[in-house]
Amino acid sequence: MHVPPNYQAVRELIPTFFDLLQNEKEPAVGVVLGHYFFVYIHPYMDGNGRMGRFLMNVMLASSGYPWMVVPVEQRAEYMAALEEASVNHNITPFADFLAGLIDPAT
């Protein structure tokens, strides 16, 4: 299971997080990494997943993409993909999961 960084590290990690987002030129990469790293840093006692999904959608909308919802029925798959990225440093399943949520009609 993912163990978030020590709360004292958050002061250094959040500015690095924003630098990463500011310097990423590819919107799709920014969406995946932005969501993942925010949830990895885990800066709040509660609501990190909700805030991560909100940030993901702000990044999608600001890049001209439609809003994305993680269906409740796919929560286990979503959590497993995040856990794979956090614990095993393999972000591919998470990126694939998010890509699978894109409506091809949009």
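Rule-based calculations on the coordinates, nothing more; no lab input. The structure presented is a predicted model; accordingly, all values stated were derived computationally and were not measured. Glycine also receives a Cβ, built like all others from the backbone with ideal geometry; neighbour counts cover every protein chain displayed.
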* Asked: Between Arg75 and Asn23, what length in nm is gained on full extension when 0.36 nm per residue of separation is reduced by their alpha carbon distance?
  -> 15.7 nm
* Under a plain spin-label model, where a point goes 7 Å from the Cα along Cα-to-Cβ, how far apart in nm are Ser63 and Met1? -> 3.2 nm
* Structure fact -> Compactness summary of the range 7-100: radius of gyration and Dmax from Cα atoms, Å, are 12.8, 36
* Once both axes come from the Cα atoms, what is the angle between helix 27-41 and the longest principal axis of the chain, in degrees from 0 to 90, rounded to 10? -> 40 degrees
* Asked: Which of the trypsin sites (Lys or Arg not before Pro) found in the range 1-76 are in a DSSP loop and have at most 14 neighbouring Cβ atoms, other than their own, within 10 Å?
  -> Lys25
* **Dipole-positive endmost among His35, Gly47, Ser63 within the range 2-77 (Cβ charges, Cα centre)** => Gly47
* Asked: Per 5 Å bin, what is the whole-percent P(r) computed from every C-alpha pair distance within the range 42-97?
  -> 5, 18, 20, 29, 22, 7, 0
* In the chain, what GluC sites (Glu not before Pro) fall in a loop by DSSP, with at most 16 other Cβ atoms inside 10 Å? -> Glu24
* **Neighbour-limited loop hits for chymotrypsin sites (Phe, Trp or Tyr not before Pro), the chain (at most 13 other Cβ within 10 Å; DSSP other than H, G, I, E, B)** => Tyr44, Trp67
